[in-house]
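The values are calculated or read from the model by the stated rules, or taken from the named source; none is laboratory data. Remember, predicted model here, so these are calculated numbers, not experimental data. Cβ: placed from backbone, ideal geometry, glycine included. Neighbour counts: every protein chain shown.
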Protein chains: 2
Amino acid sequence: MSIKRFSFGKIIDCNSVVKEIEKENGQVPYFLEKDSVLSFKLEKEDLVYGLGENVRGINKRGWIFESYCSDDPNHAQDKKSLYGAHNFIIIHGENRSFGVFIDTPSKVKFDIGYSEIDTLSIEVEENNYDLYIIEGTNLNEISKEFRELIGKSYVPPKWAFGYQQSRWSYATEKEVREIGRKFREKNIPIDCIYLDIDYMEKFKNFTINYESFPNFDQMVKDMKEDGIRLIPIIDAGCKIENGYDVYEEGIKKGYYCLDKEGNPFVAAVWPGKVHFPDFLNSEARLWFGKKYKFLVDKGIDGFWNDMNEPAIFYSEEGLNKAYKIVEESKNKNLDIYSFFALKDAFMGLSNSSSDYNSFYHNMDGKIIKHNDVHNLFGHNMTRAAAEGLDSIDKDKRFLLFSRASSIGMHRYGGIWTGDNTSLWEHLEMNVKMMPNLNMCGYLYTGADTGGFGGNCTPDLMTRWFQFSIFTPLFRNHSAMGTRNQEPFAFGEKSEKILKNLIEFRYGLVPYIYSEYMKAVINNDIMFKPLSFEYNDVTSREIEDQILMGDSLMLTPIIKQNGRGRYVYLPEDMLMIRAKGLNDISYKVFSKGHHYINVELEEFIFFVRKDKMILLGESAKNVQSIENKELNIIAFVEEKAIYELYNDDGISKDYLNGIFDKLRIEIIKGKEEFNINVDGNIKDKKLNITIISKGSKDVKKVYYI
Amino acid sequence: MSIKRFSFGKIIDCNSVVKEIEKENGQVPYFLEKDSVLSFKLEKEDLVYGLGENVRGINKRGWIFESYCSDDPNHAQDKKSLYGAHNFIIIHGENRSFGVFIDTPSKVKFDIGYSEIDTLSIEVEENNYDLYIIEGTNLNEISKEFRELIGKSYVPPKWAFGYQQSRWSYATEKEVREIGRKFREKNIPIDCIYLDIDYMEKFKNFTINYESFPNFDQMVKDMKEDGIRLIPIIDAGCKIENGYDVYEEGIKKGYYCLDKEGNPFVAAVWPGKVHFPDFLNSEARLWFGKKYKFLVDKGIDGFWNDMNEPAIFYSEEGLNKAYKIVEESKNKNLDIYSFFALKDAFMGLSNSSSDYNSFYHNMDGKIIKHNDVHNLFGHNMTRAAAEGLDSIDKDKRFLLFSRASSIGMHRYGGIWTGDNTSLWEHLEMNVKMMPNLNMCGYLYTGADTGGFGGNCTPDLMTRWFQFSIFTPLFRNHSAMGTRNQEPFAFGEKSEKILKNLIEFRYGLVPYIYSEYMKAVINNDIMFKPLSFEYNDVTSREIEDQILMGDSLMLTPIIKQNGRGRYVYLPEDMLMIRAKGLNDISYKVFSKGHHYINVELEEFIFFVRKDKMILLGESAKNVQSIENKELNIIAFVEEKAIYELYNDDGISKDYLNGIFDKLRIEIIKGKEEFNINVDGNIKDKKLNITIISKGSKDVKKVYYI
């Protein structure tokens, strides 16, 4: 195990690492350096993991990626960048594996067999960066070592593992209350409802539109009493409007990003013209972070930070350029090329590089062009929020996640995977993205289940739910103008299926939460490619099956009209087939390839050999789960051990080692199974089912 | 077997059927009719095939489709319409299967389990249509019966089964000659090079840009002598320009579509402002068709008709509306909703329904609004071309294919599957679209191999080639501004692989051509879902394997970094593994599921039980193939028969039964295999390899 750091150019602190590694002076191993491009000859067997939030497979070979936080809701396989910029990769060969982390604040190109099929090349735009080479004997070790370098992942409150319902927008108090009422009336568990942009007065951060939300504070209180938390959105830009305190204060104190003349830079986002708080400035960050108190004081316990790539709809300059092209086009006969130029003038207005090159940050005294530190913006907005919330209530965990991110931000909050679409491909992308996000430190994450843009179908919703019930962030979100996506929006038959799935999620909470917390504490990853645990050739190749936590292998159906799928088992495993918490069956499958039928209303997953899964109960929300009984299903050929973690779910006491544990050990003896249980989790009935090849199933009840 | 016709509203002749079916007066079977919507309760096991050119799977369940010819190069799964409008579906249940054809000239909605998961509903916008219900005892019968109704498919010249190279654009004579030279220099077989829009003078149909192509006629001649045909593009719109003969003639004769004031309708496409020839008017059609002579006289033997949905970049009216929104937006603070409205004004300029509602056709005396007959436009443009070419040389086959189409146009030409993108998903879509296109009569078809838009990667190109070598139209096409896609554009290693694949294609020509011609003559389909031949449950479900012709099952790799795939065999089959014509191996696999490794440079396909495949030789182009030897690989458990069809490849004599045949019969006897060969194909050496389970391979040489 070793980490080596190499430094190039002038280093800007990206707030990504928490460990000081001494700088090496020699050659960078593995890579050839030429004209500021690092290149590496890929062998046929090499897999390339990492890059966190990005398109395509778990193995990133065969495309050119750019780390550059980008707002792009219509992303297909041909995009190079998504919302996050996560410059960590692992090259996993037959004989050697190592990690590479490029610590730099702006664009990095990773050409992974795009230009030349066997060449990986890395090009850092500004050529100022730290390069870390991380070596280890296996993938888990390399990943862990990297995570130790970048620091422990964010921990949300336990209720953030419940089901979350969102839409752009539940636009009025009446609508929000109505959505909550429907869930309760239909006995569908739920923990959060989201407030998208319309809760604000003219899209101004830290304001309330009291016309649509006349009793905002009371609504927050009433719903929280009913077990539903409201999660408002926060924009990266602050509206320019006289009399708006946040605008005026920011101007007065000089907390906004500046243009080249030294005036606050004007971009337009939701409210029209805005200034961007200079999140790279520590004073501005402190100031903005404290603003969250406005909502915390109203009873709000969680936030999502949006548009913080930052997305820019347009700038005055860009718009005027487009208007000019309109003037020049008038009364002309526009042919294909001139017409496309006109159209592109409007298509290209948003998130243009010329805008990113025309504003500046004051990084505590140092003036830096935005483009040169682009990837740190969303990161530092969320850092501002986290530090602000910490200053408001240092003992309490808040729910906090962001759209844009870079490595290091995982210490402050989670991310959702940005504005996706109701496509089967995007469900597939969600599955494949999870391990790479985890490797980059993002454990609290998940996709907009069902897809944000586009119209979802009942079958896609069902299959997506069947995957999202396993992801830490399980949020259903959809855009204005698209079909409604609540679990009751697709007719009775689908409602029943989706309700069963949400209930199943609540039953999984003990396991998910336990695995999550252990992954944070131990710098492990929760979602792993098979190759992290199995060495055979096929395990290196499989991308539509992933390991989840210590015990499970997930095998979601991600194809429309798929009523079954192929499953590869690198060892004997126990298949669980379920429709809901009350409809579960299991069967042992042997190592090898299988085709397994899986009807729409059911899903399958696997318990690995000598592992076990715990299922609790459903309840109206996470807080109401009592779990007086836990159902344990174990597949034991020799010995299975599970360590269940639990804590109060809301404080930070776990940091001081204050949490509960339950250690369950099941050993296959000659005649029977020996079960040893200990730990400080008490007052529960454990219903243990032990399955073993060649033995009859054993059912035991244990009281602790 | 039966076809029933039901009629609703006022029928417009769509030129789709060639058989008169008497109208029924009773209730439409199967369907419930309510408020002009036909609905059908889908059973769990029902598959829904058809809809020709469209997104998603072979089985169309789970989406809402609209038959409405649409220009949309960025099509993902969430599109409802592509370039063709093919209103034929087959519902394939466990106990009953039937076909439904909606014969109508404008929009039809097929909601196939989108709104309600178990309901298929059909809504015809104009409510004027013939509905055909086609019943039969199996899928092949239903498909064949429908094809008999709509008439025999177009037959291209045999050279159109060679490799074809295209790009928007090889913009100069020098460039076109250079591309040809490179193919010859590198000994890569090729039959056609395409001329995209830049060969024309200011994008005017039936003109030559002599600045870029100073010796156009000589170039056509020289290249044809070198075995390479040039295939120019033809636009659906004619430039408005004084002195341009096509423009002036059309105006004089009144052959253009009119606006509501009775003036020629002005739309803008490649050349800027154009008029659309009124292809629905028989005189205009005749006139336009004869214009192809301009190019035929220069030695041109084939054409692609483009933009004939018709695509409209903008209309004066639309552009002025957008300009007005610009005026109103100026000096305003545009928030999210007003900014999106501005952007949408430009995004929505092209192919707007308001434009389609503002021009008119004169259908031989009857004035009809374009939107009401929208889907007939491209169809009739290609009919114009076909009839024109027929009048120029009635004995010769021309290559002719179109972007837009509706049912009936398959008698005049082929289609390519429109402007796609360099995405693995689009390769997958290509595979799944083939059977549905075939069911709708389109046999001469294929996708832009490698993808038109976007940047292709060497591995995608390779895997796409491995599929396209089996499709009748095998064209590599790419857009301006994207990475070059010629087989030599991806480096030496890829060039070698791609060259081998093109050579393999030429080796397949005898089989492909034979299967093509038999499919045309017998109204069969060439690309079939497995369920057309196998009745088991899994064969009904598999979508990434398709049958091709009488003998083969294709199992392409359509996943990036896939170094193998699962294959389902409904019966024992013989796997062929190949890198090129000179690197072929085979192995029998048993009925059932298999995981098979397939490295990037190789591909696999299967010979069905008691079937055989013929492989010829490669040559610089189709015409140069001598095939003095044919290699036959047969998998014989009882008896295999193959009937090879061949003809002169250029005349229409086959219509009079003038063609060659070779019948090869291999019977497994007790001791040995008996081979009977007869027919009028002579002077060949047949190298026959017979594989049979439990026997040693038998190799025999036959001289005929």
Mind counting the residues in segment A:516-542 that are touching a helix residue (DSSP H, G or I) at 6+ places or on another chain (Cβ under 6 Å), aromatic (F, W, Y) and part of a helix (DSSP H, G or I)?
1
Taking the conditions exactly as written (part of a helix (DSSP H, G or I), over 19 Å from B:A404 (Cα atoms), more than 11 Å from chain A (Cβ to nearest Cβ) and among the polar types (S, T, N, Q)), does B:S358 satisfy them or not?
no
I'd like to verify a number: residues in segment A:330-339 that are surrounded by 17 or more Cβ atoms within 10 Å (Cβ to Cβ) and either more than 8 Å from chain B (Cβ to nearest Cβ) or closer than 18 Å to A:G237 by Cα (or both), how many?
0
Looking at A:S81, A:S153, which one is of a type in the set (S, T, N, Q), in contact (Cβ under 8 Å) with a residue 60 or more places away in the chain, more than 14 Å from every other protein chain (Cβ to nearest Cβ) and not in a strand (DSSP E or B)?
A:S153
Can you tell me which residue among A:N351, A:N331, A:N308 is over 16 Å from A:A268 (Cβ atoms) and either touching a Cys at 6+ places or on another chain (Cβ under 8 Å) or in a loop (DSSP other than H, G, I, E, B) (or both)?
A:N331
Specify the residue that is surrounded by the fewest Cβ atoms within 10 Å (Cβ to Cβ); the eligible residues are those in segment A:391-411 that are touching a strand residue (DSSP E or B) at 6+ places or on another chain (Cβ under 9 Å) and among the charged types (D, E, K, R).
A:D395
Look at B:E43 and say whether it is exposed (fewer than 14 other Cβ atoms within 10 Å of the Cβ) and touching a residue at least 24 places away in the same chain (Cβ under 8 Å).
yes
Out of A:L342, A:L286, A:L295, report the one residue that is crowded, with 21+ Cβ neighbours inside 10 Å and more than 9 Å from chain B (Cβ to nearest Cβ).
A:L295
Against the conditions (1) among the β-branched types (V, I, T); (2) over 27 Å from B:K343 (Cα atoms); (3) over 28 Å from the mean Cα position of the chain (by Cα), where does A:V296 fall short? Just the number, please.
(3)
Could you list all residues from segment A:132-166 that are under 30 Å from A:L501 (Cβ atoms) and β-branched (V, I, T)?
A:V155
Flag for A:R61 being on the phi > 0 side of the Ramachandran plot and within 14 Å of chain B (Cβ to nearest Cβ):
no
In segment A:173-212, residues that are at negative phi and not in a helix (DSSP H, G or I) total 19
Please pick out the residue among A:D111, A:D118 that is free of Cβ contacts under 8 Å to residues at least 60 places away in the same chain, within 14 Å of chain B (Cβ to nearest Cβ) and surrounded by fewer than 22 Cβ atoms within 10 Å (Cβ to Cβ).
A:D111
Just one of (1) closer than 27 Å to A:P487 by Cβ; (2) among the charged types (D, E, K, R); (3) touching a residue at least 40 places away in the same chain (Cβ under 8 Å) trips up A:R285, so point out which.
(1)
Do you know which residues across segment B:84-101 are surrounded by fewer than 21 Cβ atoms within 10 Å (Cβ to Cβ) and either away from chain A (no Cβ under 14 Å) or part of a strand (DSSP E or B) (or both)?
B:G93, B:N95, B:R96, B:F98
Suppose we keep only residues that are of a type in the set (K, R) and over 20 Å from A:Y49 (Cα atoms) within segment A:410-465. Which one would you say is nearest to the other protein chains (Cβ to nearest Cβ)?
A:R463
In segment B:606-643, how many are at pLDDT below 95 and within 30 Å of B:H593 (Cβ to Cβ)?
0
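Condition first: outside any strand (DSSP E or B) and surrounded by fewer than 17 Cβ atoms within 10 Å (Cβ to Cβ). Now tell me which residues in segment A:602-633 satisfy that.
Across segment A:602-633, the qualifying residues are A:Q623, A:S624, A:E626, A:K628.
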Could you say whether any residue in segment B:467-483 is without any contact (Cβ under 8 Å) to a residue 40 or more places away in the chain, polar (S, T, N, Q) and assigned to a helix (DSSP H, G or I)?
yes
Right, A:E141: at pLDDT 95 or above and outside the structural domain of A:P529 (by TED's automatic domain parsing) or not?
yes
In segment B:45-71, anything over 22 Å from A:S422 (Cα atoms) and over 19 Å from the mean Cα position of the chain (by Cα) is listed as B:E45, B:D46, B:L47
Have a look at B:V567, B:V598, B:V622 and point out the one that is more than 14 Å from every other protein chain (Cβ to nearest Cβ) and not basic (K, R).
B:V622
Filter segment B:309-318 down to the residues that are surrounded by 17 or more Cβ atoms within 10 Å (Cβ to Cβ) and more than 8 Å from chain A (Cβ to nearest Cβ), then identify the one that is nearest to the chain's Cα centre (by Cα).
B:E309
Hey, A:V537 hits all of (1) without any contact (Cβ under 8 Å) to a residue 24 or more places away in the chain; (2) hydrophobic (A, V, I, L, M, F, W, C); (3) under 30 Å from A:G453 (Cβ atoms) but one; which does it fall short on?
(3)
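Go through the residues of segment A:353-370 one by one and say whether even a single one is closer than 20 Å to A:V274 by Cβ and β-branched (V, I, T). It would help to see each step written out before you state the result.
Going through segment A:353-370, the residues closer than 20 Å to A:V274 by Cβ turn out to be A:353-362, A:369-370.
Narrowing further to those that are β-branched (V, I, T): none.
Checking segment A:353-370: not a single residue is closer than 20 Å to A:V274 by Cβ and β-branched (V, I, T).
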Considering segment A:10-53 alone, what residues qualify as being small (G, A, S) and modelled with pLDDT of 95 or more?
A:S16, A:S39, A:G50, A:G52
When (1) more than 16 Å from A:L349 (Cα to Cα); (2) touching a strand residue (DSSP E or B) at 6+ places or on another chain (Cβ under 9 Å); (3) free of Cβ contacts under 8 Å to residues at least 40 places away in the same chain are applied to A:N305, the one that fails is (3)
